[in-house]
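Here the structure comes first, spelled out in structure tokens, and everything after it is commentary.
The values are calculated or read from the model by the stated rules, or taken from the named source; none is laboratory data. In this text, all values refer to a predicted model and were calculated from it rather than measured experimentally. Because the Cβ atoms are built from the backbone with ideal geometry, glycine has one as well, and the counts that use them run over all protein chains shown. Each accessible area value is taken on the protein alone, full model and side chains, heavy atoms only, with ligands, DNA and RNA left out. Shrake-Rupley method; radii C 1.70, N 1.55, O 1.52, S 1.80 Å.
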Amino acid sequence: MAVETPAWYDSPFLKAARREPVERTPIWLMRQAGRYLPEYRALREKYSFLELCRKPELAAEITISTVARFGFDAAILFADLLPILEPMGFELRFGPGEGPVIRNHLGGPKDVDRVQELGEDRLAELDFVFEAIRLAREGLPKTIPLIGFAGAPFTLAAYAIEGGTTRSFERTKCFMIEDSGAWRELMERMARSIARYVKKQVTAGVQAIQIFDSWAGCLSPKHYQQFVLPYTQIVFEAIPADVPAIHFLTGNPMLLPLQAKAGGTVIGVDWRIDIGDAWDVVGDGYAIQGNLDPVVLCGPEELVVHEARAILQRVRGRPGHIFNLGHGVLPSTPVSNVSLLVQTVHEWNPRQIS
Ligand code: CP3
């Protein structure tokens, strides 16, 4: 008996991810469900951020209602990059107004052995994520693909070493260059854990995976190639070939050729490079996602329309563009500008030659 193709297969998002021509450019936004939304802030009065992540019914509900409100072309699971570190032996906290804090972060290379790799048993501690995926998939329209995600090995290792947000990444970089053996061990444990985590997300029901390497931009190309690329590759190689994989990195367009080499079929770029130039660098063998500066959404309506159209114009006629911001939606973003952005992108004809 022939298996019926699910309706999401021919969605603009998945078609663009496969570099097939589309009638309209798909759009979704990183942090599309977050503090700029009054209904999200209302929920946060009742629950802490980690509580929301750990309650599958609520996480699924936030995922679904955000897509319905704006008409985004894809849903991203409501979750976070860092809870994966808990079953690996780290204590994670989000203090009010201070971002993530890991009290028992690694003190240096000597501590690598306390990082516990995620096998099937420990992975079960993240069942709330897989359950949220099942519920979100069940509740979403069949035409809307669901994106799962994880942090890349470098970004997670950096959190495990720094214990929170940093500007200089001094501790991480010193660790990396002082003891390359311990670094390799740490990165392999991270990479294999992340690989199992994303594979299980696929089994639970996501149609695409995004890997966030939000902090790798602090590295030189030489250090990225030596200390990061081989481990990121382990993660991408684990993602089934029929599942589009988005590789997002921010802060350093000089890393683009290596970012593409490390893996992914869609390359996520920030606003620090012209999107057409970025596409030229990685080549037509990749789809591209981006790259409006999130700050534009805090500006006047004319600016939102103008800047969005400039990006659309730059990639017009080239199949494989997924519209997004260059990083997450800022909490001060007016909700009306998000609607306006979606409308602007959807009204555009990506195939018209002007
Ligand atoms: O994109 C989405 O809508 C899905 C949900 C999502 C969140 N975080 C929700 C969130 C996703 C995909 C992430 C990824 C994430 N988390 C990244 C990579 C993307 C990036 O921003 O570079 C990183 C680095 C994290 C870690 C993290 N989570 C930090 C540093 C912070 C604090 C900073 C901040 O913006 O508050 C968070 C908190 C967080 N993650 C919130 C949300 C909605 C805000 C929590 C709150 O309600 O206070």
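Limited to region 4-54, what total is found for residues that are at pLDDT 95 or above, of a type in the set (Val, Ile, Thr) and over 22 Å from residue 297 (Cβ atoms)?
Of the residues in that region, 1 qualify.
Could you look through region 282-302, keep only residues that are open to solvent by 50 Å² or more (accessible area, probe 1.4 Å) and acidic (Asp, Glu), and pick out the one that is nearest to residue 17 (Cα to Cα)?
By that ranking, first place goes to 284.
Filter region 66-111 for residues that are assigned to a loop (DSSP other than H, G, I, E, B) and of a type in the set (Gly, Ala, Ser); which is most open to solvent (accessible area, probe 1.4 Å)?
Looking at residues that are assigned to a loop (DSSP other than H, G, I, E, B) and of a type in the set (Gly, Ala, Ser), I get 97.
Could you check, for region 55-64, whether at least one of its residues is assigned to a loop (DSSP other than H, G, I, E, B), farther than 25 Å from residue 189 by Cα and modelled with pLDDT under 95?
Here is the first cut: in region 55-64, the residues assigned to a loop (DSSP other than H, G, I, E, B) are 55.
From what's left, farther than 25 Å from residue 189 by Cα: 55.
Among the residues that remain, those that are also modelled with pLDDT under 95 are: none.
No, because not a single residue in region 55-64 is assigned to a loop (DSSP other than H, G, I, E, B), farther than 25 Å from residue 189 by Cα and modelled with pLDDT under 95.
Filter region 7-19 down to residues that are part of a loop (DSSP other than H, G, I, E, B) and touching an Asp or Glu at 6+ places or on another chain (Cβ under 9 Å) and give me whichever is least open to solvent (accessible area, probe 1.4 Å).
Applying the filter and picking the extreme gives 11.
Per-residue answers, yes or no, for (1) touching a Pro at 6+ places or on another chain (Cβ under 7 Å); (2) under 22 Å from residue 248 (Cα atoms); (3) more than 16 Å from the ligand (Cβ to nearest atom):
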| residue | (1), (2), (3) |
| --- | --- |
| 6 | no, no, yes |
| 15 | no, yes, yes |
| 19 | yes, yes, yes |
| 28 | no, yes, no |
| 32 | no, yes, no |
| 39 | no, no, no |
| 63 | no, yes, no |
| 66 | no, yes, no |
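Of the residues in region 177-216, how many are within 18 Å of residue 106 (Cα to Cα) and away from the ligand (no atom under 13 Å from the Cβ)?
Total meeting the criteria: 16.
Sort out which residues of region 231-246 are open to solvent by less than 50 Å² (accessible area, probe 1.4 Å) and either part of a helix (DSSP H, G or I) or touching a Lys or Arg at 6+ places or on another chain (Cβ under 6 Å) (or both), and write them in order of number.
231, 232, 235, 236, 238 - these are the residues of region 231-246 that are open to solvent by less than 50 Å² (accessible area, probe 1.4 Å) and either part of a helix (DSSP H, G or I) or touching a Lys or Arg at 6+ places or on another chain (Cβ under 6 Å) (or both).
Among the residues of region 253-276, which ones are open to solvent by 30 Å² or more (accessible area, probe 1.4 Å), part of a loop (DSSP other than H, G, I, E, B) and over 18 Å from residue 18 (Cα atoms)?
Correct list: 271, 272, 273, 274.
When you scan region 137-150, do you find a residue that is closer than 26 Å to residue 51 by Cβ, at pLDDT 95 or above and surrounded by fewer than 19 Cβ atoms within 10 Å (Cβ to Cβ), even just one?
yes
Consider region 41-59. How many of its residues are under 21 Å from the mean Cα position of the chain (by Cα), over 18 Å from residue 210 (Cβ atoms) and in contact (Cβ under 8 Å) with a residue 24 or more places away in the chain?
Total meeting the criteria: 6.
Consider residue 297 carefully, then state whether it is farther than 17 Å from residue 28 by Cα, touching a residue at least 24 places away in the same chain (Cβ under 8 Å), within 16 Å of the ligand (Cβ to nearest atom) and part of a helix (DSSP H, G or I).
Spelling it out, it is not the case that residue 297 is farther than 17 Å from residue 28 by Cα, touching a residue at least 24 places away in the same chain (Cβ under 8 Å), within 16 Å of the ligand (Cβ to nearest atom) and part of a helix (DSSP H, G or I).
Select, from 126, 118, the only residue that is within 25 Å of residue 163 (Cα to Cα), in contact (Cβ under 8 Å) with a residue 40 or more places away in the chain and outside any loop (DSSP other than H, G, I, E, B).
Details: 118 fails: outside any loop (DSSP other than H, G, I, E, B).
The match here is 126.
Look at residue 70 and say whether it is in contact (Cβ under 8 Å) with a residue 60 or more places away in the chain, more than 8 Å from the ligand (Cβ to nearest atom) and more than 30 Å from residue 144 (Cα to Cα). Write out each step before concluding.
On the way: in contact (Cβ under 8 Å) with a residue 60 or more places away in the chain: yes; more than 8 Å from the ligand (Cβ to nearest atom): yes; more than 30 Å from residue 144 (Cα to Cα): no.
Spelling it out, it is not the case that residue 70 is in contact (Cβ under 8 Å) with a residue 60 or more places away in the chain, more than 8 Å from the ligand (Cβ to nearest atom) and more than 30 Å from residue 144 (Cα to Cα).
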